[in-house]
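Notes for the one structure printed next.
The values are calculated or read from the model by the stated rules, or taken from the named source; none is laboratory data. Fair warning: this is a prediction, and the values are worked out from it, not measured in the lab. Neighbour counts are summed over all protein chains in view; Cβ atoms, including those assigned to glycine, are modelled from backbone coordinates with ideal geometry. Keep in mind that these areas ignore ligands, DNA and RNA; they rest on the heavy atoms of the full protein, side chains included. Shrake-Rupley method; radii C 1.70, N 1.55, O 1.52, S 1.80 Å.
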Number of protein chains: 2
Amino acid sequence: MEEPSETTSSTHASNLEAFWVVGFVDGEGCFYVGINPHREMTTGFQVLPEFTVVQHERDVQLLHKMKEFFGCGVVRSNHGDRLAYRVRDLKHLSQIIVPFFERHRLKSKKYIDFLKFRRVIMLMQRGDHLKKEGLEEIKQIASVMNRGGEDRVQLAGDRQDDN
Amino acid sequence: MEEPSETTSSTHASNLEAFWVVGFVDGEGCFYVGINPHREMTTGFQVLPEFTVVQHERDVQLLHKMKEFFGCGVVRSNHGDRLAYRVRDLKHLSQIIVPFFERHRLKSKKYIDFLKFRRVIMLMQRGDHLKKEGLEEIKQIASVMNRGGEDRVQLAGDRQDDN
């Protein structure tokens, strides 16, 4: 059983409850590991993990509340009339996002993606993504994330590291 | 501030927390009012409100947990590999679903749909949907529900009243 304070606004700047955030992320959230070809990296690839929640623009206020709740990340336009709350900074992912979802377990199959995502973050913290073997493991993990376990590597498009 | 017991499984048969349910419904839920041509009704139309949550089949367990949580409704196949938890029974909608979301306010713009849905349920409880004026009001309300406020009447397909 959670402490009551965990479910209210008292521990956070926003007025979201932790359980609400988990339910919303079970519905709308995404743990994603992009692997981009990158000339300047020794391995030839850049590993880009991100946590995102996408919404129609009418609910952009919820994305800003998510940003307040976690105290990190950005709200940016996504596709068309949709916007995304997203966290890409490795420190924010490892020190805020991952620990939150360790304390508050997802109930959907996204939990399995989260465990894989957490493994990638851990490998990156050790610098393993900069070595051939580590990168191979990350590619392997990314290939079975999202899309209900389809066997494919997620190749992210060019993106700015604005977070 | 909610009572702690409201956020845990202690008041419900399932192990979902109320705030989690609200977050999940903010993401994945739908309050819908179908209006079907119906020869046997005096007004010529049947009003069919429903509350649904749709998920990919991999997360069907969550839909069953929703059913346990509310103690009403059914889990049925939806389209392709998707399933829906849905509640159509007027008594269940008026006595369980509507009161729950009155106590636990949605944070997304779905709250506006919920208020319209609640008004339709109230009109139906008074039998107003069986009269021309009441039906007109319901049609008016249904025309501005969902789809971010597009002005259209939702015409449901034929359906079995299996709940």
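Structure summary
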read-out: Residues listed by number, segment B:42-63, amide nitrogen under 20 Å from B:Glu137 label point at 7 Å toward C-beta; value: B:42-50
read-out: Sequence-distant lysines (8 or more away, or on other chains) whose Cα lies within less than 21 Å of A:Lys110; value: A:Lys67, A:Lys139, B:Lys65, B:Lys67
read-out: Amide H partners (placed H, <5 Å) of B:Lys131, local residues excluded; value: none
read-out: Rounded Å value of the spacing that divides the Cα centres of segment B:100-127 and segment B:50-78; value: 19
read-out: Shielding by partners, peptide A:24-36 (average Cβ within 10 angstrom, other chains); value: 3
read-out: Rg/Rh for segment A:16-145, where both radii come from Cα atoms and Rh is the Kirkwood radius; value: 0.98
read-out: Of all accessible heavy-atom area on segment B:16-145, the percent that carbon and sulfur account for (1.4 Å); value: 48
read-out: Full-extension gain in nm, B:Arg76 to B:Lys91, via 0.36 nm per residue minus C-alpha separation; value: 3.4 nm
read-out: Cβ-vector label at 7 Å, B:Val60, separations to other copies in nm; value: 4.0
read-out: Label point 7 Å beyond Cα along the C-beta direction, distances from B:Thr42 to other copies (nm, shortest first); value: 8.3
read-out: Computed magnitude of the charge dipole of segment B:21-81 (debye, nearest 20; Cβ of K, R +1, Cβ of D, E -1); value: 160
read-out: Using θ = phi - 60° and Karplus 6.51 cos²θ - 1.76 cosθ + 1.60, couplings along segment A:36-52 (whole Hz; Gly, Pro as x); value: 9, x, 8, 4, 7, 7, 4, 6, x, 9, 10, 9, 10, x, 8, 10, 9
read-out: Chains A and B together, accessible area buried on both sides, 1.4 angstrom probe, square angstrom; value: 2100
read-out: FRET efficiency, A:Val60 to B:Val54 (Cβ-Cβ, R0 30 Å, nearest 0.05); value: 0.80
read-out: Cβ charges +1 (Lys, Arg) and -1 (Asp, Glu), total dipole of segment B:35-154, debye; value: 260
read-out: Spin-label pair A:Arg105/B:Tyr111, simplified geometry with 7 Å Cα→Cβ offset, distance in nm; value: 3.1
